[in-house]
Amino acid sequence: MKLNYYGKRELKHFGKIIFEKKKEIFENLETLKETMLDANSGEYDNDSMNFSMHAEQGSDAMEREKTFLFASRESKFLNYLDDALKRIKKGNYGICVDCQKLISKKRLEAVPHAQLCVKCKLKKNSGRKTL
Ligand SMILES: [Zn+2]
């Protein structure tokens, strides 16, 4: 079976997309950090001021947990993107790990860290549903 790989020019193009995504996530995480710090300093104020603020602090904690979850999801995404960059360096980027065929350019532009082509992805998803 003949293997197809993306050429240097395409790899460079995908690398740029990944780089832009990473930048976006870094900026998101920075903003999140600031929000979390703000929430923390707010809590201290409430504590020293009034005990009846506890109900509101509860929802604050929930907000913070949501922010934290979002932040950890974003950092996981960063790892995926880093792995994708490694694959670009190795030259095996954009190849489906299941069927070894090239993943479509359109899909990689939308999901640059994809390791499965659409067909295999759908296969996996439907497999999960029947479980
Ligand atoms: Zn595949």
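Note on ASN125 and ARG9: their simple-model spin labels are 3.2 nm apart, each label 7 Å out from Cα toward Cβ. Database remark: amide H of ILE95 closer than 5 angstrom to the amide H of ILE103 (H placed geometrically; neighbours at sequence offset of 5 or more, or on other chains; Pro and chain starts carry no H). Relative to the current alpha-carbon distance between ALA110 and LYS23, full extension at 0.36 nm per residue lengthens the span by 29.7 nm.
Where a number appears in this text, it was derived from the coordinates with a stated rule and is not lab data. These numbers were taken from a predicted model, which means no experiment stands behind them. Backbone-built Cβ (ideal geometry, glycine too); neighbour counts: all protein chains shown.
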